[in-house]
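Single-structure report; data block below.
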Number of protein chains: 2
Amino acid sequence: MSKPRRVGNETSATRARLLDATEQVMLAEGYAAVTSRRVAKETGVTPALVHYYFSTIDDLFLAVIRRRGEQSAKRQERALSGPQPFHALWELSKERAGTGLLMEFVALANHRKVIAAEIAEQAADSRKAQLDTLGDLIERTDLGPDDLSPEAILVLIASVSRTIALEESLGMDVGLAQTTAFIEGLLTRIDGTDER
Amino acid sequence: MSKPRRVGNETSATRARLLDATEQVMLAEGYAAVTSRRVAKETGVTPALVHYYFSTIDDLFLAVIRRRGEQSAKRQERALSGPQPFHALWELSKERAGTGLLMEFVALANHRKVIAAEIAEQAADSRKAQLDTLGDLIERTDLGPDDLSPEAILVLIASVSRTIALEESLGMDVGLAQTTAFIEGLLTRIDGTDER
DNA sequence: GTCTATAGTTCGATAGAC
DNA sequence: GTCTATCGAACTATAGAC
């Protein structure tokens with residue numbers, strides 16, 4: 001309704017460098033360290049240029065989230081279409097959680113509604129895609145006496161991958177190897193050891 | 001080595017009110033909103049008084065974490081000594097994760113070493129206590145064909161409780177009920193339905 | 001597309017009065 | 001124990017020159 005006049009092009013190389021710098025600062029020092037001055041300094045430009053591409057800091061965060069979401073969706077699509085989709089999803093989930101960016105965005109989402117909405121939409125879309133592609137595969141597998149629905153397995157993969165990333169980053173290790181073994185056992189029962 | 005002269009007493013009622021206000025602000029607007037001015041305003045005192053009790057903002061955060069850690073340890077001890085320790089631990093874990101404070105501290109820990117150290121120590125102590133009290137109980141239960149060690153079960157409880165809290169706060173719901181059913185099925189096989 | 005300059009805020013932390 | 005007053009620094013966002 002009242003966005004100022006000029007806004008930088010979406011395909012600009014400088015814009016991409018600003019997003020890179022934002023991710024880097026967020027990883028190293030947390031979202032609170034992301035300021036127009038700081039991002040400008042990392043990129044080698046002036047603060048005013050940051051505001052030229054992103055009117056507000058929230059716009060900058062949203063752009064980072066959207067870019068990563070697109071990349072992540074493509075990678076997941078590739079993972080799910082391979083010969084061992086569950087193992088691939090597990091590796092991808094651990095990697096996604098491992099960067100630490102996810103936790104920063106979650107914390108950000110706690111008090112910025114636009115960001116919470118964007119993250120929730122991405123996460124829901126991602127799980128929907130997993131379910132569409134993998135749901136049948138799970139139902140065809142005998143998982144023993146457990147109440148393990150396809151949905152539950154996907155939630156377990158997401159949960160445990162995040163916990164492992166978190167606890168490892170804190171230097172904890174009690175139970176992580178055993179939990180990994182349990183999850184990978186499940187995955188192998190569904191994917192098979194080396195089918196296809 | 002160079003901390004200024006005067007520091008407020010640990011038993012002060014005002015000090016406790018400052019900690020309360022800090023938690024409240026952190027929950028409502030995130031850790032970045034915690035400033036000496038803001039906490040002072042919520043408490044009805046001046047910013048200088050905040051610095052009288054806590055020389056730096058990090059000291060303030062640490063005090064909040066320590067206070068909650070002590071409360072949490074006591075509650076866990078009580079939960080683990082009851083008739084259905086696993087169900088009690090599960091409920092406690094969901095509640096701990098549900099407040100959102102945990103995620104704020106985790107994000108804070110990403111770039112403040114003293115805070116990361118405090119959180120890691122608390123989490124490790126907590127899991128150690130769980131393992132000491134509950135380890136034997138799990139080993140005496142037949143959990144079927146799964147590679148479910150005592151450690152893994154505790155990690156699953158921690159993981160899933162956090163995920164449920166997170167995803168519910170984002171408005172997601174795919175798979176949460178099914179995953180809860182799976183976890184509670186495990187707990188019941190260990191605790192029994194209504195023993196003792 | 002990128003810059004200089006700047007107005008208007010807000011913050012951490014301290015000194016010192018009461 | 002609590003306050004007033006303050007220094008120095010950092011931040012967002014905009015206007016406007018180049």
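Could you grab me the full set of residues in the range A:35-60 that are within 18 Å of B:Asn110 (Cβ to Cβ) and more than 7 Å from DNA strand D (Cβ to nearest atom)?
Selection gives A:Val39, A:Glu42.
Output the residues belonging to the range B:79-112 that are charged (D, E, K, R) and more than 11 Å from chain A (Cβ to nearest Cβ).
Matches in the range B:79-112: B:Glu91, B:Lys94, B:Glu95, B:Arg96.
Looking at the range B:169-191, I want the residues that are at the interface with another protein chain (Cβ under 7 Å from one of its Cβ atoms) and have a partner that is part of a loop (DSSP other than H, G, I, E, B) with Cβ atoms under 6 Å, at least 6 apart or on another chain. Which pairs are those?
Taking only residues 6 or more apart or on different chains, the pairs are B:Gln178/A:Ser149; B:Ala181/A:Asp147; B:Phe182/A:Asp147; B:Phe182/A:Leu148; B:Gly185/A:Asp147.
So how many residues does the range A:24-34 have that are surrounded by fewer than 17 Cβ atoms within 10 Å (Cβ to Cβ) and more than 8 Å from DNA strand D (Cβ to nearest atom)?
So the count comes out to 4.
Applying the selection to the range A:56-92, what residues are among the small types (Gly, Ala, Ser) and in contact (Cβ under 8 Å) with a residue 40 or more places away in the chain?
A:Ala63, A:Gly69, A:Ser72, A:Ala73, A:Ser81
So, B:Gly175, is that one at pLDDT 95 or above and more than 19 Å from the chain's Cα centre (by Cα) or not?
The answer is yes for B:Gly175.
Before we move on, is B:Glu10 loosely packed, with under 15 Cβ neighbours inside 10 Å and in the same structural domain as B:Leu102 (by TED's automatic domain parsing)?
For B:Glu10, the condition - loosely packed, with under 15 Cβ neighbours inside 10 Å and in the same structural domain as B:Leu102 (by TED's automatic domain parsing) - is not met.
Go through the range B:12-127 and tell me which helices (runs of 4 or more DSSP H), entirely inside it, have 1 or more residues that are within 12 Å of DNA strand C (Cβ to nearest atom).
Counting at least 1 such residues, we get B:13-29, B:36-43, B:47-53, B:57-80.
Do you know which of the residues in the range B:137-176 that are in a helix (DSSP H, G or I) and among the acidic types (Asp, Glu) is nearest to A:Thr179 (Cα to Cα)?
Out of the qualifying residues, it is B:Glu151.
Within the range A:144-155, is there a residue that is surrounded by fewer than 16 Cβ atoms within 10 Å (Cβ to Cβ), closer than 27 Å to B:Pro150 by Cα and touching a residue at least 40 places away in the same chain (Cβ under 8 Å)?
No, every residue in the range A:144-155 fails to be surrounded by fewer than 16 Cβ atoms within 10 Å (Cβ to Cβ), closer than 27 Å to B:Pro150 by Cα and touching a residue at least 40 places away in the same chain (Cβ under 8 Å).
Would you confirm, using the coordinates I've provided, whether A:Pro145 is in contact with a helix residue (DSSP H, G or I) (Cβ under 6 Å, 6 or more places away or on another chain), over 30 Å from B:Glu121 (Cβ atoms) and either at pLDDT below 95 or outside the structural domain of A:Ile183 (by TED's automatic domain parsing) (or both)?
No, not satisfied.
Yes or no: the range A:30-48 includes at least one residue that is within 13 Å of another protein chain (Cβ to nearest Cβ) and polar (S, T, N, Q).
yes
If only one of B:Thr179, B:Thr188 is crowded, with 18+ Cβ neighbours inside 10 Å, of a type outside the set (A, V, I, L, M) and assigned to a helix (DSSP H, G or I), which one is it?
Going through B:Thr179, B:Thr188 in turn, just one is crowded, with 18+ Cβ neighbours inside 10 Å, of a type outside the set (A, V, I, L, M) and assigned to a helix (DSSP H, G or I): B:Thr179.
Looking at (1) farther than 16 Å from B:Ala158 by Cβ; (2) surrounded by 15 or more Cβ atoms within 10 Å (Cβ to Cβ), which one does B:Leu101 not meet, given that it meets all the others?
It is condition (1) that B:Leu101 fails.
Of the conditions (1) surrounded by 18 or more Cβ atoms within 10 Å (Cβ to Cβ); (2) closer than 30 Å to A:Thr179 by Cα; (3) modelled with pLDDT of 95 or more, B:Glu121 clears all except one; give me its number.
Condition not satisfied by B:Glu121: (1).
The values are calculated or read from the model by the stated rules, or taken from the named source; none is laboratory data. Everything numeric in this text was worked out from a predicted model, so none of it was measured. Cβ coordinates were reconstructed from backbone atoms using ideal geometry, including for glycine residues, and neighbour counts include every protein chain displayed.
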